[in-house]
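Undergrad: One structure follows; several queries about it will come next.
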Amino acid sequence: MATAILIIAGIGLVAAAALAVADRYLSVREDPRIGMVTAALPGANCGGCGFAGCDGYARALVAGTAPNGACAAGGAACAEAVAKILGVEATATERRVALVKCCGTRSEAIRVGDYNGICDCNVAAATAGGDKGCTYGCLGYGACANVCPKGAITIADGLAKVDKRLCIGCGKCVKACPKHIIELVPASATVHVLCANPDKGPAVRKVCGVGCMGCHLCEKNSGGKEAGHFIFQGFLAKVNYENPPTDEQVAAKCPAKCMSVDPHFETGH
Amino acid sequence: MKPKETAEHYILSSSPHAHVHSSVRRIMLDVIIALLPTTAAGIFFFGMPAVWTVAVCVSTCIVTEALCRMAMKRDNTIGDLSAVVTGLLLALNLPAGIPLWMAVVGSVFAIGVAKQVFGGLGMNPFNPALAARAFMLISFTGPMTTWLKPFWWKTPEAATTATPLATMKTWFAAEATASASPHGLCDSAATGIPCLWDMLTGNMPGCIGEVSAIALAIGAAYLLVRKVITWHIPVAFIATVFVYSLIAGGAPAMAQVLTGGVMIGACFMATDYVTSPTTAKGKLIFGFGCGLVCMLIRQFGGYPEGCSFAILIMNSVCPLINRWTQPRPFGSKK
Amino acid sequence: MKTVKSSFRFKGGVHPDYNKELARDKAIELLPLPAELVISMSQHLGAPAKCIVKPGDFVTRGQLIGEKNGFISVCVRASSSGKVKAVEKRPGPAGGKADAVILDTTAQPPEAPESPVASTGEGPVLPPLDWKAATREELLKRVEEAGICGMGGAGFPTAVKLNPPPGKRCEYLVLNGAECEPYLTADFRVMLERADRIRVGIEIMRKILGQCAVRVAVEANKPEAIAALEKALADIEGNVEIVVLPVLYPQGSEKHQIFATVGRVVPEPPALPIDVGCVVENVGTVAAIADAVEKGEPLLSRVTTVSGDAVAEPKNVLAPCGTKYADLVAFCGGEKEPPAKVISGGTMMGFAVPTMEIATTKTTSGLLLLSRRRVFQYGSGPCINCGRCLRACPMNLNPAEISKAVEADDIQAAEKEYHVMDCIECGACSFGCPSYRTITQMCRRAKNSIRARIAAEKAKAAAAAKEAK
């Protein structure tokens, strides 16, 4: 009995000594602010800031190599909290959310064939360019939804839709989309053009019932070219998100029905 | 609203655009066809209890599969016939006289626990029928080791007996110095050991589907001709058992191969696609391993048969074998 | 010259339904000049040609309309005289869009030539060359300016292939007449009807490549082609053999053909056939080289097999490059029934196309219209580990594991453990899969994302190097 107690106690002593030595000589001093900043970040590890997760961004912030405010998920509140810890200025950022610039549902946009293969936009696009007549349109095979860390993207009626409430603006979907039709837009903007086809009106009409024809009516209705609410690229209207239109009537007056007010939850028509 | 389509509306898919027209369903159907001779033999020797066991196992498996898929909100997969194969294989690996409720429990275990929990066909690490048999062997040891004699209705006073391997084990333990082989005697009345001819036809106690070596060989030949299985696993398995028993002594090698489920195990259970390696080399290793473990259990273990446990153990190392035997690409250097 | 049987059989391979009887006995027919041609600037592997005409221009047959644009590139010539209606992006058979010249050929009355060999047009486009007298450089230049690329499918620029990098020598010239793709009989007809041209082509290529042994590879199911070649090559000098290959898909794959004819194994990518002293050319390309040199006729048209059970009269058609599929089908009696799938190329490696508005290129070996009965649907069933794809894979890969890795989005495993980059996308794995899994497509997906990753890494490294400067 006594021997047993002695052996156990001895092992305990040796281990304690080893731990004490290890703590003294092998410890790694880390800036405690890294932990604090990490805690202040949302912890989504979405990578939207360009660093390897929230921890990576926190390290860069503390080292002073990253601008405060790159975290789209945390937004202004997070930037402020970080600013408090590090004593640096928070660069004001607007919360940005993803927008899928297509509203060609199965009933509106023509499908030129029956795609039969892996359910992924990149692969479908590599198979005869995809089954959608409009080569700019959303294929609806969910490449964006698959990479979304928040599950904010759903596919319905052959179209991807972003839930604004869940979107953290990390931009992963923007990179995943083979058609490059997802854009990060200010969350406060309400009027959007849901089309990415720069072709002439008749060519667009041939493949989609709700494609932008570049008629400039939205521009006229929002105060003309001087107001600068819209930019035109080919025969495609684009909202100037530096100066977005606020009059929601503009969208309702779009003859092509490709404009919408806050399309994030509904297609608008 | 109807989806808009163009006048020319073709199917778009990545190449190839040709197919050999085989299907999982057809493969499973081939396995069922291959199992028919041995099922018939089992029914011939063990009568109505065998019919009932097969019917109960197959129908329970189908129902369990359908219910599981429904509960998991997945496509119904009973059409691929894999549940039928599992039910049939389980029934063929049960003694004919097993209480039917036990057969039901075993079938539910096979499909529900051993297959669908892992995600259904293609995902299960262990052969569902064998996993269920192992489960039943542990849970219902008594009924699972009570064997009906062939044509038991002719001798109602002594309908049950031990399996030939169990008998042989005792016989060889008792007469370790026996000069003559039991086949030389071929006195089944005295020793309880069946003759070679009985072992080939299946006139001996055992599981419903394991007794008739000839029926099993016919089924295996059919699978080989239909290219459903390759020769590697059965040959490696049986050869290992044969050589091992030649070296180790004890019961004669022919008896070791022909009894105790080696034939059905080598041709139908170990060749299950999902739980066996894919490369030829891997299959040879797998078959060798099955034979070796089976003989080790027979020689040193508590169970006289050991075939199902051997296959289950090898199932568990199948992913490892697959990794070891990755094919090397054409043109690649070492 | 002698005929030998191939003594090397590669591992794997499959036996699809060949269905060659539909068009094999149909002699090559010349397509009347279509009213409109859509001539793509991207008819070959590598950089698309640079378009040098503009709408309203009048071009004559054989005129240069697209300039070679880079090292791996081929020039494009007008397949017919006519007026340029437009220059716009048009989708090719594989789906990618490229600049195309839309040519109105009715601006000039088309002429009816008598024989397919003479082809459409009046005089020679380029001055004919006497190959015996011409120098190697002259011949090579001719191949380049004739716009010749591999006509088997991939469309690799022939002039680049015939000009091995310094230090590498061609020991074996392998002529690919295997035509292992189902339905296709274009190469078969060329071998049968134009064996003499192939002979001239061999002589020219030998002159360009330096003296080398020649192996003409033909599958055993084409005895007529073998007989025609034997006759044409009977008194040819040097080391020339016709190698009869067993009927097996993919016998026409470059690597497997080299193994089957010469017994050499091309190492894994990025090694090329020339690294083992071999150059492989399609028989159609060889005939085109002969025409380009002896007759001054650039590659303006090619033989395309129009077949499938939904075509009224399957035919082998000599059509100008840029013919719309609709015109080809109309020439073959139209559709017998509405096709469920239209394939550019063969059934194993061809592309399913969404519309008949797509036009032929220098690499369009076939146009197949398949009815619903001939089309199968891919499924999303699980892999049951049956190992059929492993046995079928001619590259000795593990397609089952690759497809599972891709499904799990583990591209790294597919690349490092299962060597997906060695995949030749022959389709043998999907062909035999009882679960109808899209294995080949998954391999393609993995390869594409690996290529994209490598390109991104390269761009990053280049940017970093620039910054360092």
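The values are calculated or read from the model by the stated rules, or taken from the named source; none is laboratory data. What you see is a predicted model, and the numbers here were worked out from it, not measured in a lab. All Cβ positions, glycine included, derive from the backbone under ideal geometry; neighbour counts span all protein chains shown.
Undergrad: Of C:Ile202, C:Ile198, which residue is touching a strand residue (DSSP E or B) at 6+ places or on another chain (Cβ under 6 Å), within 23 Å of C:Leu140 (Cβ to Cβ), in contact (Cβ under 8 Å) with a residue 12 or more places away in the chain and in a helix (DSSP H, G or I)?
TA: Numbers: C:Ile198 fails: touching a strand residue (DSSP E or B) at 6+ places or on another chain (Cβ under 6 Å).
That would be C:Ile202, the only listed residue that is touching a strand residue (DSSP E or B) at 6+ places or on another chain (Cβ under 6 Å), within 23 Å of C:Leu140 (Cβ to Cβ), in contact (Cβ under 8 Å) with a residue 12 or more places away in the chain and in a helix (DSSP H, G or I).
Undergrad: Answer yes if at least one residue in segment C:377-388 is charged (D, E, K, R), within 8 Å of another protein chain (Cβ to nearest Cβ) and closer than 30 Å to B:Tyr273 by Cα, and no otherwise.
TA: Of segment C:377-388, the ones charged (D, E, K, R) are C:388.
Then keep just the ones that are within 8 Å of another protein chain (Cβ to nearest Cβ); that gives C:388.
From what is left, the residues that are closer than 30 Å to B:Tyr273 by Cα are C:388.
Scanning segment C:377-388, I find at least one residue that is charged (D, E, K, R), within 8 Å of another protein chain (Cβ to nearest Cβ) and closer than 30 Å to B:Tyr273 by Cα, so the answer is yes.
Undergrad: While we're looking at this one, here's another question. Does A:Ala203 count as surrounded by fewer than 22 Cβ atoms within 10 Å (Cβ to Cβ), closer than 27 Å to A:Gly50 by Cα and not assigned by TED's automatic domain parsing to the domain that holds A:Ala76? Before the answer, list the steps.
TA: Values: surrounded by fewer than 22 Cβ atoms within 10 Å (Cβ to Cβ): yes; closer than 27 Å to A:Gly50 by Cα: no; not assigned by TED's automatic domain parsing to the domain that holds A:Ala76: yes.
Considered against the rule, which asks whether it is surrounded by fewer than 22 Cβ atoms within 10 Å (Cβ to Cβ), closer than 27 Å to A:Gly50 by Cα and not assigned by TED's automatic domain parsing to the domain that holds A:Ala76, A:Ala203 comes out as no.
Undergrad: Any chance segment A:127-143 includes a residue that's buried (at least 24 other Cβ atoms within 10 Å of the Cβ) and over 24 Å from A:Val193 (Cα atoms)?
TA: Checked against the condition, which is being buried (at least 24 other Cβ atoms within 10 Å of the Cβ) and over 24 Å from A:Val193 (Cα atoms), segment A:127-143 yields at least one hit.
Undergrad: Keeping to segment C:328-348, report how many residues are surrounded by fewer than 23 Cβ atoms within 10 Å (Cβ to Cβ) and within 14 Å of chain A (Cβ to nearest Cβ).
TA: 2
Undergrad: Check A:Thr246 against each of (1) touching a strand residue (DSSP E or B) at 6+ places or on another chain (Cβ under 8 Å); (2) farther than 20 Å from A:Pro198 by Cβ; (3) without any contact (Cβ under 8 Å) to a residue 24 or more places away in the chain and name the one condition it does not meet.
TA: Every listed condition holds for A:Thr246 apart from (3).
Undergrad: Would you check if there is a residue in segment C:438-454 being within 10 Å of chain B (Cβ to nearest Cβ), surrounded by fewer than 19 Cβ atoms within 10 Å (Cβ to Cβ) and part of a loop (DSSP other than H, G, I, E, B)?
TA: No, there is no match, as no residue in segment C:438-454 is within 10 Å of chain B (Cβ to nearest Cβ), surrounded by fewer than 19 Cβ atoms within 10 Å (Cβ to Cβ) and part of a loop (DSSP other than H, G, I, E, B).
Undergrad: Also, I was wondering about something else. Being over 22 Å from the mean Cα position of the chain (by Cα), in the same structural domain as A:Lys257 (by TED's automatic domain parsing), among the charged types (D, E, K, R) and within 27 Å of A:Ala251 (Cβ to Cβ) is true for just one of A:Arg165, A:Arg111. Which residue is that?
TA: Among A:Arg165, A:Arg111, only A:Arg111 is over 22 Å from the mean Cα position of the chain (by Cα), in the same structural domain as A:Lys257 (by TED's automatic domain parsing), among the charged types (D, E, K, R) and within 27 Å of A:Ala251 (Cβ to Cβ).
Undergrad: State all residues of segment C:338-361 that are outside any loop (DSSP other than H, G, I, E, B) and within 20 Å of the chain's Cα centre (by Cα); if no residue qualifies, say none. Explain how you work it out, then say what you get.
TA: Step one: filter segment C:338-361 for residues outside any loop (DSSP other than H, G, I, E, B), giving C:341-344, C:351-352, C:359.
Selection gives C:Val342, C:Ile343, C:Ser344, C:Phe351, C:Ala352, C:Ala359.
Undergrad: With in contact with a strand residue (DSSP E or B) (Cβ under 7 Å, 6 or more places away or on another chain), touching a residue at least 60 places away in the same chain (Cβ under 8 Å), buried (at least 24 other Cβ atoms within 10 Å of the Cβ) and not in a helix (DSSP H, G or I) as the only criterion, which of C:Glu241, C:Glu281 stands out? Before you say what the answer is, go through the steps one by one.
TA: Details: C:Glu241 fails: buried (at least 24 other Cβ atoms within 10 Å of the Cβ).
Being in contact with a strand residue (DSSP E or B) (Cβ under 7 Å, 6 or more places away or on another chain), touching a residue at least 60 places away in the same chain (Cβ under 8 Å), buried (at least 24 other Cβ atoms within 10 Å of the Cβ) and not in a helix (DSSP H, G or I) holds for just one of C:Glu241, C:Glu281, which is C:Glu281.
Undergrad: Taking the residues in segment A:134-172 that are out of contact with any Asp or Glu (no Cβ under 9 Å at 6 or more places or on another chain) and of a type in the set (Lys, Arg) as candidates, determine which candidate is nearest to A:Val261 (Cα to Cα).
TA: In this case the residue turns out to be A:Arg165.
Undergrad: Considering only residues that are at the interface with chain B (Cβ under 7 Å from one of its Cβ atoms) and not in a helix (DSSP H, G or I), look in segment C:395-416 and name the one that is surrounded by the fewest Cβ atoms within 10 Å (Cβ to Cβ). Give the derivation first.
TA: As a first pass, look at segment C:395-416 and keep what is at the interface with chain B (Cβ under 7 Å from one of its Cβ atoms): C:395-398, C:400.
Of the ones still in play, those that are also not in a helix (DSSP H, G or I) are C:395-398.
Numbers: C:Met395: 27, C:Asn396: 20, C:Leu397: 28, C:Asn398: 26.
Out of the qualifying residues, it is C:Asn396.
Undergrad: Related question: Condition (residue is part of a strand (DSSP E or B), surrounded by fewer than 18 Cβ atoms within 10 Å (Cβ to Cβ) and out of contact with any Gly (no Cβ under 9 Å at 6 or more places or on another chain)) applied to segment A:210-232: is it met by at least one residue? If you could, list the steps in order and put the result at the bottom.
TA: First, the residues of segment A:210-232 that are part of a strand (DSSP E or B): A:230-232.
The next check asks that each one be surrounded by fewer than 18 Cβ atoms within 10 Å (Cβ to Cβ); those that pass are A:231-232.
Then drop every residue that is not out of contact with any Gly (no Cβ under 9 Å at 6 or more places or on another chain), which leaves A:231.
Yes, segment A:210-232 has at least one match.
Undergrad: Would you mention how many residues in segment C:7-58 are away from chain B (no Cβ under 14 Å) and surrounded by 22 or more Cβ atoms within 10 Å (Cβ to Cβ)?
TA: 14
Undergrad: Look through A:Lys238, A:Lys179, A:Lys206 and report the one residue that is within 14 Å of chain B (Cβ to nearest Cβ), of a type outside the set (Asp, Glu) and either in contact with a Ser or Thr (Cβ under 9 Å, 6 or more places away or on another chain) or not in a loop (DSSP other than H, G, I, E, B) (or both).
TA: That would be A:Lys206, the only listed residue that is within 14 Å of chain B (Cβ to nearest Cβ), of a type outside the set (Asp, Glu) and either in contact with a Ser or Thr (Cβ under 9 Å, 6 or more places away or on another chain) or not in a loop (DSSP other than H, G, I, E, B) (or both).
Undergrad: If you don't mind, another one. Is it true that B:Pro277 is touching an Asp or Glu at 6+ places or on another chain (Cβ under 7 Å), closer than 30 Å to C:Val266 by Cα and of a type outside the set (A, V, I, L, M, F, W, C)? I'd like the intermediate steps shown before the answer.
TA: Working: touching an Asp or Glu at 6+ places or on another chain (Cβ under 7 Å): no; closer than 30 Å to C:Val266 by Cα: yes; of a type outside the set (A, V, I, L, M, F, W, C): yes.
Answer is no for this residue.
Undergrad: Of the conditions (1) within 11 Å of another protein chain (Cβ to nearest Cβ); (2) more than 16 Å from the chain's Cα centre (by Cα); (3) in contact (Cβ under 8 Å) with a residue 12 or more places away in the chain, A:Asn146 satisfies every one except a single condition; which number is it?
TA: For A:Asn146, the failing item is (2).
Undergrad: Across segment C:255-310, what is the number of residues that are closer than 30 Å to C:Lys341 by Cα and among the β-branched types (Val, Ile, Thr)?
TA: Counting residues in segment C:255-310 that are closer than 30 Å to C:Lys341 by Cα and among the β-branched types (Val, Ile, Thr) gives 6.
Undergrad: Please tell me if C:Gly167 is modelled with pLDDT of 90 or more and either in the same structural domain as C:Asn396 (by TED's automatic domain parsing) or out of contact with any strand residue (DSSP E or B) (no Cβ under 6 Å at 6 or more places or on another chain) (or both).
TA: Considered against the rule, which asks whether it is modelled with pLDDT of 90 or more and either in the same structural domain as C:Asn396 (by TED's automatic domain parsing) or out of contact with any strand residue (DSSP E or B) (no Cβ under 6 Å at 6 or more places or on another chain) (or both), C:Gly167 comes out as no.
Undergrad: Go through segment C:370-394 and count every residue that is buried (at least 19 other Cβ atoms within 10 Å of the Cβ) and in a helix (DSSP H, G or I).
TA: 6
Undergrad: Can I ask one more? Go through segment B:22-36 residue by residue and tally those that are buried (at least 19 other Cβ atoms within 10 Å of the Cβ) and either at pLDDT 95 or above or part of a helix (DSSP H, G or I) (or both).
TA: Matching residues across segment B:22-36 total 7.
Undergrad: Between C:Ala94, C:Ala98, which is in a loop (DSSP other than H, G, I, E, B), of a type outside the set (D, E, K, R) and modelled with pLDDT under 90?
TA: C:Ala94
Undergrad: When only residues in segment C:1-49 that are in a strand (DSSP E or B) and under 21 Å from the mean Cα position of the chain (by Cα) count, which is nearest to C:Arg374 (Cα to Cα)? Explain how you work it out, then say what you get.
TA: Of all residues in segment C:1-49, those in a strand (DSSP E or B) come to C:2-5, C:14, C:28-30, C:36-40.
With under 21 Å from the mean Cα position of the chain (by Cα) added as a condition, the list becomes C:14, C:28-30, C:37-40.
On the way: C:Val14: 18, C:Ile28: 25, C:Glu29: 26, C:Leu30: 28, C:Leu37: 30, C:Val38: 29, C:Ile39: 31, C:Ser40: 30 Å.
Looking at the filtered set, the residue picked out is C:Val14.
Undergrad: Scanning segment C:75-84 for residues that are touching an Asp or Glu at 6+ places or on another chain (Cβ under 8 Å) and buried (at least 18 other Cβ atoms within 10 Å of the Cβ), which turns out farthest from B:Leu12 (Cα to Cα)? Working first, answer last.
TA: Taking segment C:75-84 as the starting set, the residues that turn out to be touching an Asp or Glu at 6+ places or on another chain (Cβ under 8 Å) are C:75, C:82-84.
This time we only want the ones that are buried (at least 18 other Cβ atoms within 10 Å of the Cβ), so: C:75, C:82, C:84.
Values: C:Cys75: 31, C:Gly82: 33, C:Val84: 31 Å.
Of everything passing the filter in segment C:75-84, C:Gly82 is farthest from B:Leu12 (Cα to Cα).
Undergrad: Given the structure, is B:Ala83 modelled with pLDDT of 90 or more, surrounded by fewer than 21 Cβ atoms within 10 Å (Cβ to Cβ), assigned to a helix (DSSP H, G or I) and aliphatic (A, V, I, L, M)? Spell out how you get there, then give the answer.
TA: Values: modelled with pLDDT of 90 or more: yes; surrounded by fewer than 21 Cβ atoms within 10 Å (Cβ to Cβ): no; assigned to a helix (DSSP H, G or I): yes; aliphatic (A, V, I, L, M): yes.
Answer is no for this residue.
Undergrad: Are any residues in segment A:88-132 assigned to a loop (DSSP other than H, G, I, E, B), away from chain C (no Cβ under 14 Å) and more than 30 Å from A:Ala39 (Cβ to Cβ), and if so, which ones? Outline the logic, then answer.
TA: If we filter segment A:88-132 for residues that are assigned to a loop (DSSP other than H, G, I, E, B), which is where we start, we get A:88-95, A:101-108, A:110, A:116-120, A:127-131.
Then drop every residue that is not away from chain C (no Cβ under 14 Å), which leaves A:88-95, A:101-108.
The answer is A:Lys101, A:Cys102, A:Cys103, A:Gly104, A:Thr105, A:Arg106, A:Ser107, A:Glu108.
Undergrad: Can you confirm whether segment C:318-327 contains a residue that is without any contact (Cβ under 8 Å) to a residue 60 or more places away in the chain and buried (at least 20 other Cβ atoms within 10 Å of the Cβ)? Steps first, please.
TA: Quick first cut of segment C:318-327, residues without any contact (Cβ under 8 Å) to a residue 60 or more places away in the chain only: C:325-326.
Restricting the remaining residues to those that are buried (at least 20 other Cβ atoms within 10 Å of the Cβ) gives C:325.
Within segment C:318-327, one or more residues are without any contact (Cβ under 8 Å) to a residue 60 or more places away in the chain and buried (at least 20 other Cβ atoms within 10 Å of the Cβ).
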